[in-house]
Amino acid sequence: MKLSTFAAALVAVSTTLSVAQPVSAAVTADEDKFAIAIHGGAGTITRAHLTDEQEAAYTAKLTEALNAGHRILEDGGTSMDAVIAAIQIMEASPLFNAGLGAVYTFDGGHELDASIMDGATLEAGAVAGVKTIKSPIALARSVMEHSVHVMLSGEGAEQFAAEQGLEQVANDYFDTEYRFEQLEQAREDLGVADKQAYVELDNNYKYGTVGAVAVDKQGNLSAATSTGGMTAKRYGRIGDSPIIGAGTWADNSSCAVSATGHGEYFIRYHVAADICSRVKYLGESVETAGDTVIHDVLLPAGGTGGVIILDARGNVHMPFNTEGMYRASRVGNGEAEVAIYQD
Ligand code: ASP
């Protein structure tokens, strides 16, 4: 949504401020403090679950996505362009539950969710339950930049995508054998689809959502998340990933967050915005705020998953309460740090 449209109406009566005036000022721009962090999902990811080849493939793809975003920041590009570049590499890879390789719904199709937020202006865009959009994160950005809304869903979102000239594909473009096997196993495990079975299922079969947070040389933060949701989801279920404040949040005056995990809990605990509110109003560091929400609030409530957090000074923290989370970060011209397991 173009918040600036409303802001313009408000400021026009009393000041001559430009419409493009950021609503949330950048913390001092620092040429060396650009940074990016990404995730590729959290869950039951242990050494026993991955072969050496799989581990190498994830590490290589995470590094490629991280460096694509990093290159943009290094060249003076925006954090918005950097998070999009990183996410699109992961959406195009069958390794992750986003774009190609998205999990299957109970009925055997794919429904994708994504969102993005600009920490300088607090503008945001999101799409939910789209079936034909090759890059859901590109559509989320289009919603933010070219519509008057924040979130579009289903057929309407696809109509908007067609009007914007975004690439559309048949739903089976997202198919992978590995995810189909997960669906078959999930259907078996679900049995009568009781609530407890669904929770167990969530822990075992859904990981692979992708996300990115970045701060550019101007000190502006952005956050973005893209997912296929949860294996065997039904009835048009939407998770936290496209919900601003739950799965994605960015505000220059606090931090940027992208989440992954059991979406129902992330929605109810408003995880991404809660972390940044702690930073903003309690003055907590990204470490304290993230650890408190992920380990002390979410876990006791039954919510599993993790987040990547970045503030405008380049402080990165990536807490999770599952066995693993695919993650990577790079601050300034430092080395890329890529990790999968807890240790
Ligand atoms: N948060 C996503 C959802 O609930 C899934 C995930 O991150 O693994 O749709």
Inset, instruction - Please give the residues of the stretch 304-343, grouped as numeric ranges, whose backbone N is less than 11 Å from a label point set 7 Å along the Cα-to-Cβ vector of Asp32. - result: 332-334
Legend entry - Cβ-derived FRET efficiency at R0 30 Å, Gln159 paired with Gln342, nearest 0.05: 0.10
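How would you classify the stretch 35-172 from its alpha-carbon gyration tensor, with a ≥ b ≥ c the square roots of the eigenvalues: rounded for a/c under 1.5, else prolate if a/b is greater than b/c, otherwise oblate? Kindly include the intermediate steps, with their values, before the conclusion.
Numbers: a/c = 2.17, a/b = 1.19, b/c = 1.82.
Here the stretch 35-172 falls in the oblate category.
So how do Val130, Val169 line up by other beta-carbon neighbours within 10 Å, fewest first? Kindly include the intermediate steps, with their values, before the conclusion.
Numbers: Val130 26, Val169 14.
The order, fewest Cβ neighbours first, is Val169, Val130.
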Inset, instruction - Amide H neighbours of Thr322 under 5 Å, at least 5 residues apart or on other chains, H built in the peptide plane: list them. - result: Gly305
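Using 0.36 nm per residue, how much length does the chain from Arg71 to Leu299 gain when fully extended, once their Cα-Cα distance is taken away?
Gain in length upon complete extension: 78.5 nm.
When a/c is below 1.5 the answer is rounded, else prolate if a/b is larger than b/c, else oblate, so apply that to the chain with a ≥ b ≥ c taken from the square roots of the Cα gyration tensor eigenvalues. Mind dumping the intermediate values first?
Working: a/c = 1.58, a/b = 1.31, b/c = 1.21.
It is prolate, given that a/c is not under 1.5 and a/b is the larger ratio.
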Inset, instruction - Using θ = phi - 60° and the Karplus relation 6.51 cos²θ - 1.76 cosθ + 1.60, list the HN-Hα couplings for the stretch 232-239 in order, rounded to whole Hz, with x at every Gly or Pro. - result: 6, 5, 9, 6, x, 3, 10, x
Legend entry - Burial ordering of Leu310, Leu73, fewest other beta-carbon atoms within 10 Å first: Leu73, Leu310
Inset, instruction - For the stretch 243-343, just say rounded, prolate or oblate: build the C-alpha gyration tensor, square-root its eigenvalues into a ≥ b ≥ c, call rounded for a/c under 1.5, and beyond that prolate if a/b exceeds b/c, oblate if not. - result: oblate
Legend entry - Ranked list, fewest to most other Cβ atoms within 10 Å of each Cβ, for Phe106, Phe180: Phe180, Phe106
Legend entry - Helix-only CD estimate at 222 nm, as mean residue ellipticity for the chain, using -39500 (n - 2.57) per DSSP H run (n ≥ 4): -10500 deg cm²/dmol
Legend entry - Euclidean distance of C-alpha centroids, the stretch 217-256 and the stretch 135-156, integer Å: 13 Å
Inset, instruction - Describe numerically, in nm with one decimal, the distance between label points set 7 Å from Cα along Cα→Cβ at Val148 and at Gln54. - result: 4.9 nm
Legend entry - For the stretch 57-71, 3J(HN,Hα) per residue [Karplus equation, 6.51 cos²θ - 1.76 cosθ + 1.60, θ = phi - 60°, Hz, x = Gly/Pro]: 5, 5, 4, 5, 6, 4, 5, 4, 5, 4, 5, 5, x, 4, 4
Inset, instruction - Determine ³J(HN,Hα), in whole Hz, for all residues of the stretch 291-305 in sequence, where each value follows from phi through the Karplus function 6.51 cos²θ - 1.76 cosθ + 1.60 and θ = phi - 60°; x replaces Gly and Pro. - result: 5, 4, 5, 6, 9, 9, 9, 5, 4, x, 7, x, x, 10, x
Inset, instruction - List every residue whose amide H lies under 5 Å from the amide H of Gly245, counting only residues 5 or more places away in sequence or on a different chain, with H placed 1.01 Å from N in the peptide plane. - result: Ala273
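Every read-out reported here was derived from the displayed coordinates using simple, explicitly stated rules and does not represent laboratory data. Predicted model only: the values in this text are computed from it and were never measured. Cβ atoms come from the backbone with ideal geometry, glycine included; neighbour counts cover every protein chain shown.
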